[in-house]
Amino acid sequence: MYPFCLLYARPNWLHRQKKYDKMGAHSKITGQKYLPVGIIAESWTEIMGISHEYHSAPRRRTGGGIGGKLRLAGVIVVILLVAYAVTAILEKGTAAEDSTPQTSAGGIAQNILAPLPMQGETDSGSESAAGDSGTAQAVQLESFGPARQTDGAYTVKAYDASVIRQPACGQVDLSYFSDAAFLGDSLTVGFSDYQINLSGALICGYTGVGPDAIVNRAAVKSPTRGQEVALDVLAAAQPKKLYILLGTNTLTTLGASDRFLAYYGQMLDELRQTLGEDCIIYVQSIPPVRPAAAEKKPGLASDVLRSVNEQLAQLAASKGCVYLDLWETLADGEGNLKEMIAAPDGVHLSAGNGYGAWVTYLRNHAKYSASNPWIMGSAYSAE
């Protein structure tokens, strides 16, 4: 407000100043000092438009007061924190450099303690030196590594039959077997004897045969075609799938498993060469028998058959074949043939329940292919 007042009073003040300048000049001439008439000395400055309050009032503080002090304190605190952080980083870097192990030109670390010696290796010289001096010994970096194992100190367990066997993966229609062939002994003959529907599959079942007869190209008798050589029949048919079940007749006595497995491997090689790589070869496990039958034929006892089937699964996997574990559907909890699906002799299968369970298992364990005729509602059915 003061500047506005001064601007407002300035014209009057100039007018008065001119008037009293003339008086001042007169006083210099006459030597008299006087004030204008009617003007009191104390009020002279007020008449001149000059206020004592204007000149004597204290100046306003230009600082920010308490707010300014707080801002200044904040800046100081920030500077101190930054300085502390920089100091801590520099000290940490220095400590890391000091703790780095020093390695000499010979590849020896000087600042690390020697670890325990590796298994099977001892260094008597270094142990005595460490014991005498009581200080950490230099360690050759080349000696670090896992404990070495000698040959024969470990064993590698191969996959067992439970892992190798073909898992269930939906169910195929019976037409899946239309381009298949079944090779086996009297159990396979039952497909023909009982007229089991397999959509026209080729049945190569021969009573009393084993893999040796197939490899040796022996003449065998088919109940429907008469005398023939199995490999020749299969070579002419060129099936897309082949199901093999042999062993019940060969393993009736103990000690026959080695010969049986040797011929079985040769037979798989012959069949692969005859049928080509496109043919899916299914190797079926040897079925269990009833306890009474196992007593008469000890080679068919449950524990013996388990061992042979385990080796058969390994053999099938090594030859690129699909292993089917029939025990999943034919054996009871004790490893014997289920009574309800067994024929009176305790070795073969009954016409209804036995072969029905067998065929159902085969339909549920076909090797997966998008072109398989999956039945409606099956896991892989497109409908």
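The values are calculated or read from the model by the stated rules, or taken from the named source; none is laboratory data. This structure is a prediction, so every number in the text was calculated from the model and none was measured. No Cβ is skipped: glycine too gets one built from the backbone with ideal geometry, and neighbour counts run over all protein chains shown.
Tabulated results
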{"read-out": "Hey, residue 181 within 23 Å of residue 267 (Cα to Cα), of a type in the set (Gly, Ala, Ser) and at pLDDT 95 or above or not", "value": "yes"}
{"read-out": "Unique match (being among the aliphatic types (A, V, I, L, M), part of a loop (DSSP other than H, G, I, E, B), at pLDDT 95 or above and more than 23 Å from residue 259 (Cβ to Cβ)) among 366, 357", "value": "366"}
{"read-out": "Residue count for segment 313-330, restricted to those that are outside any helix (DSSP H, G or I) and under 30 Å from the mean Cα position of the chain (by Cα)", "value": "7"}
{"read-out": "Scope segment 226-270; condition of a type in the set (Ser, Thr, Tyr) and at pLDDT 95 or above; matching residues", "value": "243, 263, 264"}
{"read-out": "Residues of segment 288-316 classified as within 14 Å of residue 164 (Cβ to Cβ) and among the polar types (S, T, N, Q), total", "value": "3"}
{"read-out": "Total residues in segment 235-248, condition more than 19 Å from residue 186 (Cβ to Cβ) and under 47 Å from the mean Cα position of the chain (by Cα)", "value": "6"}
{"read-out": "Residue within segment 201-209 that is assigned by TED's automatic domain parsing to the domain that holds residue 243, outside any loop (DSSP other than H, G, I, E, B) and under 43 Å from the mean Cα position of the chain (by Cα) present", "value": "no"}
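Conditions tested, residue by residue: (1) assigned by TED's automatic domain parsing to the domain that holds residue 186; (2) hydroxyl-bearing (Ser, Thr, Tyr); (3) outside any strand (DSSP E or B).
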| site | (1), (2), (3) |
| --- | --- |
| 227 | yes, no, no |
| 232 | yes, no, yes |
| 235 | yes, no, yes |
| 250 | yes, yes, yes |
| 269 | yes, no, yes |
| 288 | yes, no, yes |
| 293 | yes, no, yes |
| 311 | yes, no, yes |
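Conditions tested, residue by residue: (1) crowded, with 18+ Cβ neighbours inside 10 Å; (2) without any contact (Cβ under 8 Å) to a residue 24 or more places away in the chain; (3) of a type in the set (Asp, Glu).
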| position | (1), (2), (3) |
| --- | --- |
| 266 | no, no, no |
| 271 | yes, no, no |
| 279 | yes, no, no |
| 286 | yes, no, no |
| 294 | yes, no, no |
| 301 | yes, yes, no |
| 314 | no, no, no |
| 317 | yes, no, no |
| 326 | yes, no, no |
